[in-house]
Amino acid sequence: MNDLLNIEDIQVQFHVWNRIYQAVDGVSFTIPRRKSVALVGESGCGKTVTALSIMRLLPRPQAHIKQGKIYFDNQDLLKMSLPRYQKYYRGRLIGMMFQDPHSVLNPVISIQTQITEHVKYHLKMKTSEILDKANNIFQLVNLPAGEDILKKYPHQLSGGQIQRLMIAMTLMTDPSLIIADEPTTALDVTIQRQILDLLVALKSERDLSYLLITHNLAIVHYLVDIVCIMYAGQIVEWGPCEAIFQEPLHPYTRGLLDSVLTISKETKTKIRGIPGMVPEACDFPSGCRFHPRCPEKMNICSKEMPMLSENKEHAVRCWLYG
Amino acid sequence: MAEKTILSLHDISKIFPLRLAFWQKLLGVTPRGITALDKVSFSVPEGSIVGVIGESGCGKTTLAKVLTRLENADSGEVYYKHEDRNLLALTSSEFQKFRRRIQMIFQNPYGALNPRLSTFQTLKEPLEIYKKGTGIEEQAIHILNMVGLTADYLHRYPHEMSGGQRQRVNIARALTVDPEILIADEPVSALDVSTQINILNLLKEIQQKNNIALLLITHDLGIAKYICDRIIVMYLGEVVEWSDKDTFFKKPLHPYSEMLIESVPRFEDKNSGKAGALPKKIKPDKGCLFAPRCPYVISACREKRPPLKDGFPKVRFIRHL
């Protein structure tokens with residue numbers, strides 16, 4: 001195996017009030033080296049839970065990984081001891097960017113302290129070396145270098161600056177995979193664009209892979225090579241980015257693409273979108289989980305669950321193609 | 001203009017003063033303020049959808065709050081239809097009469113509903129106040145049906161509903177009193193893409209069926225293009241462009257509008273819209289507010305604040321290449 005990350009048939013369950021919520025149900029995908037993958041779906045489809053299980057940040061004791069394996073560089077992340085995982089993987093080789101950076105940083109500690117604390121935990125570096133490196137990386141992400149930013153506190157930075165700072169902090173430990181959970185949702189359109197351009201530039205410059213988690217398909221193709229569409233805890237379609245955009249197979253993917261409002265889209269006609277809502281994770285419908293909302297439902301759809309097709313390039317979980 | 005206007009705004013200004021420290025008061029420092037609205041004027045035609053767009057901090061939300069009198073403006077006038085009374089100058093009891101005509105839908109569907117009231121209780125209150133009479137439950141069910149919910153939802157609490165459903169209840173609550181203008185402050189930005197479309201379709205449907213005017217505040221140009229008839233672009237508290245939708249998206253006049261349109265990600269073309277770095281927002285002391293970020297800046301821009309041009313579409317600039 002020469003893939004960076006390899007997820008095999010992972011199942012995550014939440015036990016809340018004696019009910020079992022199957023948040024992730026048999027998700028498998030791989031991130032090849034220097035390639036990026038996006039998990040796309042509505043809220044409640046299990047994309048964040050998948051990311052959290054890679055980070056081993058699932059809330060305990062409610063959640064547990066029932067089965068499945070996660071390999072990073074051929075190391076089984078789930079079997080590894082937690083201290084080892086924390087020191088060498090989480091925040092070191094696997095960086096994470098969250099949706100709301102303001103709630104990630106401590107508001108009463110200066111940025112310099114937060115950066116040095118983070119780096120010292122993972123790497124043997126002197127404070128002066130860390131600050132030099134920070135200044136270099138600040139230039140890379142277009143933040144003003146020098147003490148300008150380092151001496152400040154999170155509330156003194158604007159939304160765009162703080163998102164750049166988060167990227168810089170993630171890069172401090174030279175990760176090879178960055179998990180980005182809705183990295184631009186909280187930002188303005190103009191800033192959003194700058195952050196996307198920055199992430200694209202970093203990707204080639206630093207040999208990074210991204211695992212992008214988002215519900216907005218419009219930003220996906222800037223960053224990503226492979227797209228996995230998730231629905232109700234399962235992957236319903238995956239394939240290379242161009243294929244997903246040009247010939248989406250699953251009715252859900254088509255609905256999602258249809259729902260994205262872009263300014264180049266002709267708006268004379270009414271967009272239908274996807275009717276209905278995501279089913280609860282404790283009460284999935286029988287058969288194909290999408291069938292109650294599907295415009296192309298057939299008889300078999302409510303009876304048997306379709307399997308993900310075996311196609312190595314572009315797989316889909318739908319009876320239309322079974 | 002030949003069309004009937006439902007709401008016209010004239011030179012609305014709002015400055016949030018910064019509080020001074022005690023020693024600053026002693027020294028007689030003149031208090032500075034943050035200009036949230038700077039002489040905003042436009043009108044909303046009857047039965048149309050007007051989109052107000054701009055980056056965060058441009059005063060969009062303050063505008064909504066001023067119009068619903070949740071915030072008091074420093075100066076300016078708002079006229080409703082042909083009434084010759086300035087809405088902003090009315091006392092709050094006089095304004096009550098207009099409250100039912102102007103309703104607001106808030107951004108965050110989770111925060112806007114009282115978690116301890118069921119849908120019925122939420123809808124009952126305005127119905128009892130404004131529509132004295134019997135059959136409140138039937139009326140509530142009728143309104144729920146209008147927003148695409150069934151009678152089952154009447155006795156549910158907010159935590160038992162998804163984000164999209166809560167936003168529907170929010171819209172239902174605004175509709176209980178038969179408003180003639182709805183002010184929606186980012187009504188879908190907290191929702192999923194697929195839900196967004198459903199809510200937008202619903203708003204448009206209601207707007208057409210009841211002939212309500214809608215003032216939609218958004219930062220998403222895609223949404224504005226999908227449902228609005230008119231577009232108003234705001235920058236640092238002032239209106240920089242006021243145009244109708246088709247002209248705006250085909251040929252934006254103000255350099256700022258141009259930048260906004262270019263920076264929107266679109267998935268047809270990977271290399272589209274490389275807007276480059278929009279420089280940081282700085283507020284100059286004089287001259288055009290946009291001059292520090294403008295690619296077409298000339299020396300005259302830094303001297304004088306350009307006025308909003310007469311005619312339509314209106315735009316605020318000195319020279320444009």
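Taking the square root of 5 times each eigenvalue of the Cα gyration tensor, what semi-axes in Å does the equivalent ellipsoid of region A:1-103 have, largest first?
21, 16, 16
The trypsin sites (Lys or Arg not before Pro) of region B:16-61 that DSSP puts in a loop, and whose beta carbon has at most 12 other beta carbons within 10 Å, are B:Arg19, B:Arg32.
Let me know the longest stretch in chain B that avoids all GluC sites (Glu not before Pro) found in a DSSP loop with at most 13 other C-beta atoms within 10 Å. In chain B, the maximal stretch lacking such sites is B:84-267.
Using just the helices of chain A, give the 222 nm mean residue ellipticity in deg cm²/dmol: DSSP H runs with n ≥ 4 each add -39,500 (n - 2.57), and the total is spread over all residues, rounded to 500. Spell out each step's value before the answer.
On the way: 10 runs with 98 residues, N = 322.
Rounded to the nearest 500, the figure is -9000 deg cm²/dmol.
In loop segments of region A:1-88 as defined by DSSP, the trypsin sites (Lys or Arg not before Pro) with at most 15 further C-beta atoms inside 10 Å of their C-beta are A:Arg33, A:Arg34, A:Lys79.
Here is the list for region B:42-121: chymotrypsin sites (Phe, Trp or Tyr not before Pro) lying in DSSP coil, each with at most 15 other C-beta atoms within 10 angstrom of its C-beta, are B:Tyr110.
A dipole drawn for region A:109-207 from +1 and -1 charges on Cβ atoms has a positive end, and of A:Pro175, A:Ile111, A:Ser158 the residue lying farthest that way is A:Ile111. Between exposed GluC sites (Glu not before Pro) in chain A, where DSSP calls loop and at most 10 other Cβ atoms lie within 10 Å, what's the longest gap? Looking at chain A, A:1-265 is the longest stretch - no exposed GluC sites (Glu not before Pro) with at most 10 other Cβ atoms within 10 Å.
Peptide B:46-55 shows a mean partner chain C-beta count of 1 within 10 Å per residue C-beta. Shape class of the protein assembly as shown from the alpha-carbon gyration tensor: oblate, with a/c at 1.5 or above and b/c at least as large as a/b.
Of all DSSP bridge pairs formed entirely within the protein assembly as shown, close to 60 percent run antiparallel.
Between the helical axis of A:189-205 and the dominant principal axis of chain A, each derived from Cα atoms, what acute angle in degrees is found, rounded to the nearest 10? Helix A:189-205 sits roughly 80 degrees off the main axis of chain A. For chain B, the Cβ-based charge dipole about the Cα centre amounts to some 920 debye (Lys, Arg positive; Asp, Glu negative; other atoms uncharged).
Given a Förster distance of 56 angstrom, what is the FRET efficiency for A:Arg272 paired with A:Ser128, based on the Cβ-Cβ distance and rounded to 0.05?
Details: r = 60 Å, r/R0 = 1.07.
FRET efficiency, A:Arg272 to A:Ser128: 0.40.
For chain B, the mean residue ellipticity at 222 nm estimated from helices alone is -9000 deg cm²/dmol, where every DSSP H run of n ≥ 4 contributes -39500 (n - 2.57) and the total is divided by all residues, rounded to the nearest 500.
Please state the shape class of region A:81-124: rounded when a/c is under 1.5, otherwise prolate if a/b exceeds b/c and oblate if not, all from the C-alpha gyration tensor. Oblate, because a/c is 1.5 or more while a/b does not exceed b/c.
Counting other Cβ atoms within 10 Å as a rough exposure proxy, the listed residues A:Ile274, A:Ile300 run A:Ile300, A:Ile274 from fewest neighbours to most.
As a proxy for reagent exposure, A:Asp181, A:Asp132 were ordered by neighbouring Cβ count within 10 angstrom, fewest first; the result is A:Asp132, A:Asp181. Just to confirm my numbers, what's the Cα centroid distance between region B:53-71 and region A:44-102 in Å? The distance from the Cα centre of region B:53-71 to that of region A:44-102 comes to 41 Å. Debye-formula intensities of region B:1-68, expressed as log10 I(q)/I(0) at q = 0.16 Å⁻¹, are -0.67 (one equal scatterer per alpha-carbon, no solvent).
Computed over chain A, relative contact order equals 21 percent, with contacts defined as Cα pairs under 8 Å that lie 6+ residues apart.
A Förster distance of 45 Å, applied to the separation of the beta-carbon atoms of A:Gln75 and B:Ser93, puts the FRET efficiency at 0.05. Counting only Cβ charges, +1 for Lys and Arg and -1 for Asp and Glu, the dipole size of the protein assembly as shown around its Cα centre is about 1220 debye. All other residues whose Cβ lies under 15 angstrom from that of A:Gly91 are scored, Lys and Arg at +1 and Asp and Glu at -1, for a net of +3.
If only the Cβ of Lys and Arg carry +1 and only the Cβ of Asp and Glu carry -1, the dipole of region A:166-322 around its Cα centre is close to 620 debye.
Read the figures in this text as sums done on the coordinates, not as results from a lab. What you see is a predicted model, and the numbers here were worked out from it, not measured in a lab. Every residue, glycine as well, gets a Cβ built from its backbone with ideal geometry; the counts of neighbours run over all protein chains shown.
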